[in-house]
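The values are calculated or read from the model by the stated rules, or taken from the named source; none is laboratory data. Every value quoted in this text rests on a predicted model; they were computed, and no experiment measured them. Positions of Cβ are backbone-derived with ideal geometry, glycine not excepted, and every protein chain shown enters the neighbour counts. To get the accessible areas, we keep the full protein, side chains included, count just its heavy atoms, and leave off ligands, DNA and RNA. Shrake-Rupley method; radii C 1.70, N 1.55, O 1.52, S 1.80 Å.
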Protein chains: 2
Amino acid sequence: MTGRFGFEVLHKDSRTNARLGMLHTAHGDVPTPVFMPVGTAGAVKAMPNDWLEALEARIILGNTYHLYLRPGHERIKRLGGLHRFMDWQGAILTDSGGYQVFSHRELRSISEDGVQFRSHLDGSKNFFNPEKVIEIQCALGSDIAMVLDDCTAYPAAYADAEASMEMSARWARKCRDQWRKQDDESRALFGIVQGSVYPDLRKRSAESLVELDFPGMAIGGLSVGEPKDLMYEIVECTVPLLRWDRPRYLMGVGTPQDLVRAVAMGVDMFDCVLPTRNARNGCLFTSEGRILIKNAIYAEDQGPLDPNCSCLTCRRYSRAYLRHLFLTGEHLSAVYNTLHNISFYLDMMRKIRESIQLDFFGNWLEPMEKGEIESR
Amino acid sequence: MTGRFGFEVLHKDSRTNARLGMLHTAHGDVPTPVFMPVGTAGAVKAMPNDWLEALEARIILGNTYHLYLRPGHERIKRLGGLHRFMDWQGAILTDSGGYQVFSHRELRSISEDGVQFRSHLDGSKNFFNPEKVIEIQCALGSDIAMVLDDCTAYPAAYADAEASMEMSARWARKCRDQWRKQDDESRALFGIVQGSVYPDLRKRSAESLVELDFPGMAIGGLSVGEPKDLMYEIVECTVPLLRWDRPRYLMGVGTPQDLVRAVAMGVDMFDCVLPTRNARNGCLFTSEGRILIKNAIYAEDQGPLDPNCSCLTCRRYSRAYLRHLFLTGEHLSAVYNTLHNISFYLDMMRKIRESIQLDFFGNWLEPMEKGEIESR
């Protein structure tokens, strides 16, 4: 563990709010805007580390909830921390587990003290509070930890969204206080803005978190069922409330189109299960649009998934072969598809960074307005 | 397609019947004794081609039955053959489908004309006869094709085994005649000795096939439920009946111990689903014996699967992590485990070849007699 956690804005795009930046972590520097592949249970599903490294992935996400339940954070700590456990040399961001608990609605009850929930694995009773999720993330050795938040469902009445946001803010303070006890400046704890789809609640949430001086801030509680336009509106009104000189992370979002639009608004960091989950379901992102590989149209298609992609999958295998692997239920279907989708996302982010650097990022927005972003 | 199919014996071990050889195929030379990983449906399950190549695998097996049913041999032919379809540059041996049809006993009926069977996928009616399995294997573009045989069940009454063996011999002749029509000396068709556990039937089967002048011969109908010792006896009495100057292939066998013993008897080629299937079930072969990775004893074991293995799995991941991947049902569990088991088998075969070359192969037999072969 060397060096202090930090972030620099290196360049701002001339026509949008997009910025090129660099995260400094104890496990290497991470150019932003960045997409973080999701490694739920200590592994990016179906994606060998060697291949992630070959794609120059610098940061991945781990899920506190899953790792806490299995194999357990104390076990991971005894095994030398999450980096060593999964042999990942790059940076790791862990969520707080709040969102997963939120997703298993029938299994949990929330109060000011924290969240009581039942394991989706064995039904055992468990309890998360601000102190606990910090303890877990410290045991995992996350480079970037997240505060415990109450992810408000959509739709939510204003009063409910307000109460939920305020509790999240109180939890954030407790998390920060607990985090400071470890006195380790190589790692960072990020706050999470809540407030559902109400701009004034988002504003109050952001202000209270800015006051707590988090080294990075996330926008949470989106992509939970609200219309796309509303999501964009909320991101657009929230981003300017976050400090310019600190990283901004839009949680759980999204499609290639979402990423471009949010980058234009000034977001630096993203995570989403979309590329990995879709890959396993045979839905592939390509420069010519999405492909459902099971479709009969590909049965004798000898071309690569994406003629503009240089990933190993596209270099070696035809659509016909990938369709065959999918239909026969081969593990390799998930593996090759995941490699391609992650490659597609990371490659897109690389091109986005390049275009910000060279001041033509605005060009990405035009085809998007016409619904053609996937052809970029 | 260049060059003629061929085989050379390069060296005979001084103390056993083991031989070092070289298969020449249109897709490269293959040092023997060789273990051929099984690629049932056009892919070695959970094993990326890149990794197979890194392990210097030179030949794999494809299953005619599976490929015929899905995606279909005609489709594969239109897509440029099996090598191109799965992007495998090395050699491919295909079985005839006889064994798979045999395995689905309730779905088939056999007569002199051939085998009527129902697809295990959709119940559709299909028919294999000698001409058909040759047609299929030619469409696939196999470097080594196999004759259609009737795999006798165990136990089988002498009269039944005899009738079955005789029918297999007649089918073998039909296959050979059909094969010769294609006039392609870069590929080879192997005969298959049957005769259950009756040495005199094996002898008659071998003699009739030797007379048909196959460029290679397999021993089939073993590892179908008979005791190990009986299997070894049959191999031992059958091998000397096969031509010295042609490759000998023991089908569907087996454990590391089986391979060593059969090599000592003069067998050159092997295939078996054991390393790949066991890998997916969390059973790993190591130089210190078999490991069931799910066992609690490995929960915090930071050591590699096999301290004497240099495969990527052993270089990067601990037993604790591999156990975790297995318990969480990650695709990567199958992938990393398969890589290790295939690596173990191919590495063992490489060491076996080396020891034959240097005339100390006999040393492999001693620990095996003591039941310690897995510690080699």
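Do you know which residues across the range A:165-178 are under 22 Å from the mean Cα position of the chain (by Cα) and surrounded by fewer than 23 Cβ atoms within 10 Å (Cβ to Cβ)? Don't jump to the end; show me each part of the working.
Step one: list which residues in the range A:165-178 are under 22 Å from the mean Cα position of the chain (by Cα), which gives A:165, A:168-169, A:171-172, A:175-176.
A:Arg176 - this is the single residue of the range A:165-178 that is under 22 Å from the mean Cα position of the chain (by Cα) and surrounded by fewer than 23 Cβ atoms within 10 Å (Cβ to Cβ).
Within the range B:53-60, is even one residue out of contact with any strand residue (DSSP E or B) (no Cβ under 8 Å at 6 or more places or on another chain), among the charged types (D, E, K, R), part of a helix (DSSP H, G or I) and closer than 21 Å to A:Gly329 by Cα?
no
Could we say that A:Pro240 is open to solvent by 30 Å² or more (accessible area, probe 1.4 Å), in contact with a Pro (Cβ under 9 Å, 6 or more places away or on another chain) and over 20 Å from A:Thr152 (Cα atoms) here? Explain how you work it out, then say what you get.
Working: open to solvent by 30 Å² or more (accessible area, probe 1.4 Å): yes; in contact with a Pro (Cβ under 9 Å, 6 or more places away or on another chain): no; over 20 Å from A:Thr152 (Cα atoms): yes.
Considered against the rule, which asks whether it is open to solvent by 30 Å² or more (accessible area, probe 1.4 Å), in contact with a Pro (Cβ under 9 Å, 6 or more places away or on another chain) and over 20 Å from A:Thr152 (Cα atoms), A:Pro240 comes out as no.
Looking at the range B:8-32, which of the residues that are part of a loop (DSSP other than H, G, I, E, B) and open to solvent by less than 50 Å² (accessible area, probe 1.4 Å) is farthest from B:Asp245 (Cα to Cα)?
Kept after step one, since they are part of a loop (DSSP other than H, G, I, E, B), are these residues of the range B:8-32: B:13-18, B:26-27.
Those left that are additionally open to solvent by less than 50 Å² (accessible area, probe 1.4 Å): B:13, B:16, B:18, B:26-27.
On the way: B:Asp13: 15, B:Thr16: 17, B:Ala18: 13, B:Ala26: 19, B:His27: 21 Å.
The extreme case among them is B:His27.
Considering the range A:257-271 alone, what residues qualify as being open to solvent by 10 Å² or more (accessible area, probe 1.4 Å) and either in contact with a helix residue (DSSP H, G or I) (Cβ under 8 Å, 6 or more places away or on another chain) or more than 23 Å from A:Val44 (Cα to Cα) (or both)? So that I can check it myself, show each step before the final result.
Filtering the range A:257-271 down to residues open to solvent by 10 Å² or more (accessible area, probe 1.4 Å) leaves A:257, A:261, A:264-265, A:271.
A:Gln257, A:Arg261, A:Ala264, A:Met265, listed by residue number.
Of all residues in the range B:327-344, how many are assigned to a helix (DSSP H, G or I) and surrounded by fewer than 23 Cβ atoms within 10 Å (Cβ to Cβ)?
Initial filter on the range B:327-344 (assigned to a helix (DSSP H, G or I)): B:327, B:331-344.
Applying the additional criterion that residues be surrounded by fewer than 23 Cβ atoms within 10 Å (Cβ to Cβ) yields B:327, B:331.
Residues flagged as assigned to a helix (DSSP H, G or I) and surrounded by fewer than 23 Cβ atoms within 10 Å (Cβ to Cβ) within the range B:327-344 amount to 2.
Any chance you could count how many residues in the range A:74-86 are more than 10 Å from chain B (Cβ to nearest Cβ) and surrounded by fewer than 23 Cβ atoms within 10 Å (Cβ to Cβ)? It would help to see each step written out before you state the result.
First pass over the range A:74-86, keeping only residues more than 10 Å from chain B (Cβ to nearest Cβ): A:74, A:77, A:81-83.
Then drop every residue that is not surrounded by fewer than 23 Cβ atoms within 10 Å (Cβ to Cβ), which leaves A:74, A:77, A:81, A:83.
So the answer is 4.
Hey, among A:Tyr336, A:Tyr345, which residue is within 11 Å of chain B (Cβ to nearest Cβ) and among the aromatic types (Phe, Trp, Tyr)? Before you say what the answer is, go through the steps one by one.
Working: A:Tyr345 fails: within 11 Å of chain B (Cβ to nearest Cβ).
Matching residue, one of A:Tyr336, A:Tyr345: A:Tyr336.
Please work out which one of (1) within 13 Å of chain A (Cβ to nearest Cβ); (2) surrounded by fewer than 22 Cβ atoms within 10 Å (Cβ to Cβ); (3) free of Cβ contacts under 8 Å to residues at least 12 places away in the same chain is the condition B:Leu292 fails and give its number.
Of (1) within 13 Å of chain A (Cβ to nearest Cβ); (2) surrounded by fewer than 22 Cβ atoms within 10 Å (Cβ to Cβ); (3) free of Cβ contacts under 8 Å to residues at least 12 places away in the same chain, only one is false for B:Leu292: (1).
Being at negative phi and at pLDDT below 95 is the requirement here; does A:Glu330 meet it? Talk me through it step by step, then tell me what you get.
Values: at negative phi: yes; at pLDDT below 95: no.
It is false that A:Glu330 is at negative phi and at pLDDT below 95.
For the list (1) outside any helix (DSSP H, G or I); (2) within 22 Å of A:Arg4 (Cβ to Cβ); (3) of a type in the set (A, V, I, L, M), I need the number of the one condition that A:Leu148 fails.
(2)
What's the number of the only condition in (1) among the charged types (D, E, K, R); (2) free of Cβ contacts under 8 Å to residues at least 24 places away in the same chain; (3) touching a Pro at 6+ places or on another chain (Cβ under 7 Å) that B:Arg315 fails to meet?
Just one mismatch for B:Arg315, condition (3).
When you go through A:Leu284, A:Leu305 one by one, which is the residue that is in contact (Cβ under 8 Å) with a residue 24 or more places away in the chain and closer than 18 Å to B:Gly80 by Cβ?
Sole residue among the options that is in contact (Cβ under 8 Å) with a residue 24 or more places away in the chain and closer than 18 Å to B:Gly80 by Cβ: A:Leu305.
Which residue pairs have Cβ atoms closer than 7 Å, lie 6 or more positions apart in sequence or on different chains, and pair a first residue in the range A:32-48 that is at the interface with chain B (Cβ under 9 Å from one of its Cβ atoms) with a second residue that is surrounded by 24 or more Cβ atoms within 10 Å (Cβ to Cβ) and of a type in the set (Ser, Thr, Tyr)?
Correct list of pairs: A:Lys45/A:Thr338; A:Ala46/A:Thr338; A:Met47/A:Thr338.
Go through the range B:206-237 and report how many residues are in contact with a strand residue (DSSP E or B) (Cβ under 8 Å, 6 or more places away or on another chain) and open to solvent by 20 Å² or more (accessible area, probe 1.4 Å).
Looking only at that region, the number is 2.
Given the options B:Asp359, B:Asp301, name the one that is within 14 Å of another protein chain (Cβ to nearest Cβ) and outside any helix (DSSP H, G or I).
Details: B:Asp359 fails: within 14 Å of another protein chain (Cβ to nearest Cβ).
Of the residues listed, the single one that is within 14 Å of another protein chain (Cβ to nearest Cβ) and outside any helix (DSSP H, G or I) is B:Asp301.
If you scan the range A:87-124, which residues turn out to be more than 21 Å from A:Trp171 (Cβ to Cβ), open to solvent by less than 50 Å² (accessible area, probe 1.4 Å) and either of a type in the set (S, T, N, Q) or in contact with a strand residue (DSSP E or B) (Cβ under 7 Å, 6 or more places away or on another chain) (or both)? Lay out the reasoning, then the answer.
Within the range A:87-124, the first condition is being more than 21 Å from A:Trp171 (Cβ to Cβ), and the residues that meet it are A:87-92, A:106, A:119-124.
Then drop every residue that is not open to solvent by less than 50 Å² (accessible area, probe 1.4 Å), which leaves A:87-88, A:90-92, A:119, A:123-124.
Hits for the range A:87-124 are A:Trp88, A:Gly90, A:Ala91, A:Ile92, A:Ser119, A:Ser124.
Could you check the range A:93-144 and list, in sequence order, the residues that are in a strand (DSSP E or B) and in contact with a His (Cβ under 9 Å, 6 or more places away or on another chain)? Give the derivation first.
Step one: filter the range A:93-144 for residues in a strand (DSSP E or B), giving A:93-94, A:108-111, A:114-118, A:125-128, A:144.
Hits for the range A:93-144 are A:Phe117, A:Arg118.
Within the set of pairs 6 or more residues apart or between chains, which connect a residue that is modelled with pLDDT under 95 inside the range B:333-349 to a residue that is not in a helix (DSSP H, G or I) with Cβ atoms less than 7 Å apart?
none
Here are B:Arg323, B:Arg315, B:Arg277, B:Arg350: which of them is part of a helix (DSSP H, G or I), open to solvent by 60 Å² or more (accessible area, probe 1.4 Å) and under 30 Å from A:Phe326 (Cβ atoms)? Please lay out each step first, then the result.
Values: B:Arg323 fails: open to solvent by 60 Å² or more (accessible area, probe 1.4 Å); B:Arg315 fails: under 30 Å from A:Phe326 (Cβ atoms); B:Arg350 fails: under 30 Å from A:Phe326 (Cβ atoms).
Checking each option against the conditions leaves just B:Arg277.
Counting only residues that are closer than 15 Å to B:Arg316 by Cβ, of a type outside the set (A, V, I, L, M, F, W, C) and not in a loop (DSSP other than H, G, I, E, B), which one in the range A:78-92 is farthest from the chain's Cα centre (by Cα)?
Initially, the range A:78-92 is screened for residues closer than 15 Å to B:Arg316 by Cβ, giving A:79-80, A:82-90.
Now drop any that are not of a type outside the set (A, V, I, L, M, F, W, C), which leaves A:80, A:83-84, A:87, A:89-90.
Imposing the further condition that a residue be not in a loop (DSSP other than H, G, I, E, B) reduces the set to A:83-84.
Working: A:His83: 18, A:Arg84: 21 Å.
Only one residue fits best here, namely A:Arg84.
Only one of (1) farther than 23 Å from A:Gly221 by Cβ; (2) of a type in the set (A, V, I, L, M, F, W, C); (3) away from chain B (no Cβ under 11 Å) fails for A:Val260. Which number is that?
It fails just one condition, (1).
Would you check if A:Ala161 is part of a strand (DSSP E or B) and of a type in the set (A, V, I, L, M)?
Values: part of a strand (DSSP E or B): no; of a type in the set (A, V, I, L, M): yes.
For A:Ala161, the condition - part of a strand (DSSP E or B) and of a type in the set (A, V, I, L, M) - is not met.
Might you let me know whether the range A:7-20 holds any residue that is within 14 Å of chain B (Cβ to nearest Cβ), more than 21 Å from B:Phe326 (Cβ to Cβ) and modelled with pLDDT of 95 or more?
Step one: list which residues in the range A:7-20 are within 14 Å of chain B (Cβ to nearest Cβ), which gives none.
No, the conditions are met nowhere in the range A:7-20.
Is it the case, given these coordinates, that B:Asp306 is away from chain A (no Cβ under 14 Å) and either among the basic types (Lys, Arg) or open to solvent by less than 10 Å² (accessible area, probe 1.4 Å) (or both)?
On the way: away from chain A (no Cβ under 14 Å): yes; either among the basic types (Lys, Arg) or open to solvent by less than 10 Å² (accessible area, probe 1.4 Å) (or both): yes.
Taking the combined requirement at face value, the residue satisfies it.
Name every residue in the range A:56-73 that is within 14 Å of chain B (Cβ to nearest Cβ), among the small types (Gly, Ala, Ser) and buried (at least 21 other Cβ atoms within 10 Å of the Cβ), in order of residue number. Break it down stepwise before answering.
Here is the first cut: in the range A:56-73, the residues within 14 Å of chain B (Cβ to nearest Cβ) are A:60, A:62-63, A:65-73.
After this cut, where a residue has to be among the small types (Gly, Ala, Ser) as well, the list is A:62, A:72.
Within the range A:56-73, just A:Gly62 meets the criteria.
Would you pick out the residues in the range A:114-164 that are over 30 Å from A:Arg58 (Cβ atoms) and either among the basic types (Lys, Arg) or under 21 Å from the mean Cα position of the chain (by Cα) (or both)?
A:Arg118, A:Lys125, A:Asp150, A:Thr152, A:Ala153, A:Tyr154
Could you grab the pairs with beta carbons closer than 9 Å, sequence gap of 6+ or different chains, first residue in the range B:170-191 and more than 14 Å from B:Thr94 (Cα to Cα), second one open to solvent by 80 Å² or more (accessible area, probe 1.4 Å) and at pLDDT below 95?
Going by the 9 Å Cβ cut-off, the qualifying pairs are B:Asp184/B:Met1; B:Glu185/B:Arg4; B:Ser186/B:Met1; B:Ser186/B:Thr2; B:Ser186/B:Arg4.
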